[in-house]
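Q: Before I ask anything, here is the structure I am working with.
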Amino acid sequence: MAKSSIRKTDPTDTTAPAKRRRATATDNNGEPKPAAKTAPRARRKAESPVATAGVVAGTNGHVESISDVPHEQIAVRAYHIYLERGYPGDSFHDWVTAERELREQVTRARG
């Protein structure tokens, strides 16, 4: 059985809850120091999916582009690997194998 809330509130009370106050530093005389200005938090810019799409670190350390191989083509090849293997197995491994095979075909066709 789920626990019910033990917080008791007055349904007619519509005031906002009190906000927490931050602890303030005091100087030697007991006077509160002015709040230190903090730098705004830097937001990490989201990388553009277009800019990073298809960039993969190769096994020999250089960066290779796989944007030449369409997603659908990799999916079809991974499915064929799955059928050739005989159904049970690792779909991620099939995908990586298909991607590697197709990337090698593209590089051989270029070079």
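Q: Could you give the length gained on full extension between Glu31 and Gln73, defined as 0.36 nm per residue of separation minus the Cα-Cα distance, in nm? Please list the in-between numbers first.
A: Details: separation 42, 0.36 × 42 = 15.12 nm, distance 7.03 nm.
So the chain would gain 8.1 nm between Glu31 and Gln73.
Q: Quick one: if the Förster radius is 35 Å, what FRET efficiency do Thr14 and Phe92 give, using the C-beta to C-beta distance and rounding to 0.05?
A: Numbers: r = 54 Å, r/R0 = 1.54.
After rounding to 0.05, the efficiency reads 0.05.
Q: Between Glu104 and Glu84, what is 0.36 nm times their sequence separation minus the Cα-Cα distance? Round to one decimal in nm. Mind dumping the intermediate values first?
A: Details: separation 20, 0.36 × 20 = 7.20 nm, distance 1.98 nm.
That pair, Glu104 and Glu84, stretches by 5.2 nm at full extension.
Q: Moving on. Using Cβ contacts closer than 10 Å as the measure, can you line up Ile74, Ile81 from fewest to most? Let's see the in-between values first.
A: Numbers: Ile74 21, Ile81 18.
Going from sparsest to densest Cβ surroundings: Ile81, Ile74.
Each value in this text was obtained by applying a stated rule to the coordinates, not by laboratory testing. The model shown is predicted, which means the values in this text are computed figures rather than measured ones. Because the Cβ atoms are built from the backbone with ideal geometry, glycine has one as well, and the counts that use them run over all protein chains shown.
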